[in-house]
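The values are calculated or read from the model by the stated rules, or taken from the named source; none is laboratory data. Quick caveat: nothing in here was measured; it's all calculated off a predicted structure. All Cβ positions, even for glycine, are placed from backbone atoms using ideal geometry, and neighbour counts span all protein chains on display.
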Amino acid sequence: MNRAAIFSAAIAISAFAAGTAIAQHATSAKISDEAARGRYLVQIAGCNDCHTRGYAQSAGKVDESLWLTGDDLGWHGPWGTTYASNLRLAVKGMTADQFMKRARSEFRPPMPWFNLRDMKDKDVKAIFAYLKHLGPAGKPAPAYIPPDKKPQGPYVQFPAPPK
Ligand code: HEC
């Protein structure tokens, strides 16, 4: 290849790269304002920290396509062992009102349900819109294990709560 050919090949490659960047932007541009706000809330309210496998351990370096698909890391304490649910499957077939009710329920530790309870309705709805935008993916998290049984897989051991 002569210089001119190398140069035009380089242009072709960068044009291709620019094309893919535009295509990616077009996909993310399809998100509604409400869902985009939900995405932001999920990030700052820490939902991914538990509900996305490896998110906290990798400082958030998990592909968005895997966000909120739950985790098989157990949270073991006096309440038994809980697993952060696959929220994308949990909202499958749910209406915004049903999610609102669900989000305002009490859950076992370490789910910070009291934080979600104090969230404004429009913010909970935005999170729902984002979950719907992501769509169903992954498999359900392992089922809850009562306190008298040891979990099989990896788990985090919690101390008893302070008296
Ligand atoms: C410290 C870890 C942790 C964080 C942070 C967290 N969750 Fe959870 N979440 C859990 C666990 C564990 C469960 C399962 C609780 C149970 O089994 O009772 C759960 C359950 C839920 C459920 C019930 C799902 C179902 O199956 O019906 C919802 C909804 C939920 N979380 C939403 C959220 C949202 C929204 C956020 C961010 C604002 C969030 N969670 C942050 C750990 C967490």
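Numerical summary
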| item | result |
| --- | --- |
| Close pairs from region 95-106: first in a loop (DSSP other than H, G, I, E, B), partner more than 10 Å from the ligand (Cβ to nearest atom), Cβ under 7 Å, at least 6 apart | Arg104/Arg117 |
| Residue within region 152-159 that is of a type in the set (A, V, I, L, M), surrounded by fewer than 15 Cβ atoms within 10 Å (Cβ to Cβ) and farther than 26 Å from Glu34 by Cα present | yes |
| Subset of region 66-83 that is assigned to a loop (DSSP other than H, G, I, E, B) and out of contact with any Lys or Arg (no Cβ under 9 Å at 6 or more places or on another chain) - its residue that is farthest from the ligand (Cβ to nearest atom) | Pro78 |
| Subset tally (residues that are among the hydrophobic types (A, V, I, L, M, F, W, C) and in a loop (DSSP other than H, G, I, E, B)) for region 107-135 | 3 |
| Region 120-146 residues that are away from the ligand (no atom under 11 Å from the Cβ), paired with ones that are among the aliphatic types (A, V, I, L, M) (beta carbon under 6 Å, 6 or more apart) | Lys125/Ala96; Ala129/Ala35; His133/Ile31; His133/Ala35; Pro136/Leu89 |
| Boolean, Ile44 is closer than 20 Å to Asp123 by Cα and in contact with a His (Cβ under 8 Å, 6 or more places away or on another chain) | no |
| Lone qualifier among Asp121, Asp97, Asp71 - being closer than 21 Å to Leu41 by Cα, surrounded by 19 or more Cβ atoms within 10 Å (Cβ to Cβ) and of a type outside the set (A, V, I, L, M, F, W, C) | Asp71 |
| Some residue of region 124-144 being more than 19 Å from the chain's Cα centre (by Cα), modelled with pLDDT of 95 or more and more than 21 Å from Glu64 (Cβ to Cβ) | yes |
